[in-house]
Amino acid sequence: MEMFENTGRTEISDLGEFGLIDHLTKNIELKNSSSSKGVGDDAAVIGDGDVKTLVSTDMLLEGVHFDLSYIPLKHLGYKAVAVNVSDIYAMNGTPKQITVSIGLSNRFSLEAVEELYAGIYLACEKFGVDLVGGDTSSSRQGLVISITAVGEAKADKITYRSGAQENDLLCVSGDVGAAYMGLQLLEREKQVYMSNPDMQPDLEGWDYIVGRQLKPEARKDIIELLAEKDIQPTSMIDVSDGVASEIFHLCKHSNVGMNVFEEKLPIDHQTIQMAEELKIDVTTVALNGGEDYELLFTIKQADFEKIKDSRMVTVIGHCTAKEEGIHIITRNNNKFTLRAQGWQHLEG
Ligand code: ADP
Ligand code: MG
């Protein structure tokens, strides 16, 4: 048996997802002039010409990202495409193609996989993309879906996480926190059902939050709105992990601070109702819920007039100097340091 001097072992959980990605990719030196932007944004940017290609991949694993006891396969197929094209929209681009790779255990029948693909094709219609390839494999356990989305954008229209400047306005599309409340409700009803299979899940009156969890939309319409209003966002990201986490990404890449106003956060009434029922602070839900797939972006103050009457976009804050840090201003005008998970008292 061999002996090693260094028997150290670092747990991946000590680094976290973002720490791990940084660690594995920090020494990359791009060799090709066509590799315009590599790791670090919602999509890679490729090409030497005026029209760039955008590429983004996301993987969904059964038991980690979805639970087939409450998401129908057709919805899962739709969602898998939506979350991928969302990253292309987050670059201010237009998705054009996807590839779909699946790992299937013998638990799945042809009919089941057809359902999954019915959702995938529905999303292809909706977002105007062509399915152009993929890979198929058996899996020991559970279902794996990995999708790569390819898109296009003019070089001068591409929006990175890094362009925000002091005094820019922070905007978010739609509303936030609903998908997380939908998930909590589905989990609760699953527990009820498992302890008593005669009980049918009671989702009555919660259609909006359940829909936001099971059938999220990517915001094609927001990209179209920005183009129509001739607004070039200074930075942009899509909300997959939660507004707070995405704000940290924008601030880090753009070297700015931000003030976010609690009272401005757009929250649907079902989200508020469910948060009350579950006795969770609704602001924490809105900031940290995740899976909203809304677009979070910054614009120049001069562009405010162009969107101030739009019901699709809400201004929730503004950029400050980096040294000022990242804060949330509460309804009673208290200032807290924003944390990626929740927020902590600072002053006032
Ligand atoms: P998003 O939430 O927008 O999909 P991620 O947080 O998953 O973005 O990824 C952040 C960045 O890290 C992206 O540019 C992505 O391409 C890159 N990335 C993620 N995982 C890996 C990996 N295993 N190897 C190389 N790059 C990765
Ligand atoms: Mg993203």
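The numbers here are math on the coordinates, done by the rules we state, and not lab data. In this text, all values refer to a predicted model and were calculated from it rather than measured experimentally. Positions of Cβ are backbone-derived with ideal geometry, glycine not excepted, and every protein chain shown enters the neighbour counts.
So what is the diffusion coefficient of the stretch 53-95 in µm² per second by Stokes-Einstein at 25 °C and 0.890 mPa s, using a Kirkwood Rh over Cα pairs? Each step should come with its number before you reach the end.
Values: Rh = 11.4 Å.
So the translational diffusion coefficient is about 216 µm²/s.
Output the antiparallel fraction of DSSP beta bridges having both residues in the chain, as a percent to the nearest 5. Working shown, then result.
Working: 50 of 63 bridges.
So the antiparallel bridges amount to about 80 percent of the total.
Would you compute the Debye intensity of the stretch 132-177 from its alpha-carbon atoms alone, equal scatterers and no solvent, and pass along log10 I(q)/I(0) at q = 0.33 Å⁻¹ to two decimals?
Taken in order of the listed q values, log10 I(q)/I(0) reads -1.23.
At Val55 and Ser310, where each label point lies 7 Å from the Cα along Cα→Cβ, what is the point-to-point distance in nanometres?
Here the answer is 3.0 nm between the modelled labels.
What Kirkwood Rh does the stretch 250-339 have if only Cα atoms enter the pairwise 1/r average? Answer in Å.
Working: mean 1/r = 0.0688 Å⁻¹.
Evaluated over the stretch 250-339, this radius sits at 14.5 Å.
Over its Cα atoms, what ratio of radius of gyration to 2.2 N^0.38 Å does the stretch 246-291 give? List each step's numbers first, then the result.
Details: Rg = 12.8 Å, N = 46, 2.2 N^0.38 = 9.4 Å.
In units of the 2.2 N^0.38 Å rule of thumb, it is 1.36.
Taking the chain, how much of its Cα-Cα pair set, in percent, is spaced more than 24 angstrom apart?
Working: 36325 of 60378 pairs.
So the pairs more than 24 Å apart make up 60 percent of the total in the chain.
Any idea what Rg and Dmax come out to for the stretch 1-123 if you just take the C-alpha atoms, in Å?
Gyration radius and largest Cα-Cα distance of the stretch 1-123: 19.2, 58 Å.
If r is the Cβ-Cβ distance from Glu324 to Glu204 and R0 is 41 Å, what FRET efficiency results, to the nearest 0.05?
On the way: r = 46 Å, r/R0 = 1.13.
Plugging the Cβ-Cβ distance into 1/(1 + (r/R0)^6) gives 0.35.
Quote the charge dipole size of the chain about the Cα centre in Debye, to the nearest 20; the model charges only the Cβ of Lys and Arg (+1) and of Asp and Glu (-1).
On the way: 32 positive and 55 negative charges, 90 e Å.
It comes to approximately 440 debye.
Would you mind ranking Leu183, Leu225 so that the residue whose beta carbon has the fewest other beta carbons within 10 Å leads the list?
On the way: Leu183 20, Leu225 17.
By the 10 Å Cβ count, ascending, the order reads Leu225, Leu183.
Whole number please: convex hull volume per residue of the Cα set in the stretch 59-144, in Å³?
On the way: hull volume 7.9 nm³, N = 86.
So the per-residue hull volume is 91 Å³.
So for the stretch 206-336: antiparallel DSSP bridges make up what percent, rounded to the nearest 5?
Numbers: 11 of 15 bridges.
If I count the DSSP bridges inside the stretch 206-336, around 75 percent turn out antiparallel.
Which links in Lys52/Lys215; Lys26/Lys52; Lys26/Lys154; Lys126/Lys220 stretch past 19 Å when you go from one Cα to the other?
Over 19 Å apart, Cα to Cα: Lys52/Lys215; Lys26/Lys52; Lys26/Lys154.
Relative to the compact-globule scaling 2.2 N^0.38 Å, provide the ratio for the alpha-carbon radius of gyration of the stretch 11-52.
Working: Rg = 13.3 Å, N = 42, 2.2 N^0.38 = 9.1 Å.
Dividing the Cα radius of gyration by 2.2 N^0.38 Å gives 1.46.
Using a 10 Å cut-off on Cβ atoms, rank the peptides 75-83, 166-174, 257-265, 106-114 from the highest mean neighbour count down. Present the calculation step by step, with values, prior to reporting the outcome.
Values: 75-83: 24.0, 166-174: 22.0, 257-265: 18.6, 106-114: 11.7.
Ranked by mean Cβ neighbours within 10 Å, highest first: 75-83, 166-174, 257-265, 106-114.
Could you work out the equivalent-ellipsoid semi-axes for the stretch 165-254, taking the square root of 5 times each eigenvalue of the Cα gyration tensor, largest first, in whole Å? Intermediate results must be reported in sequence, preceding the final value.
Details: eigenvalues 259, 48, 13 Å².
Result for the stretch 165-254: semi-axes of 36, 16, 8 Å.
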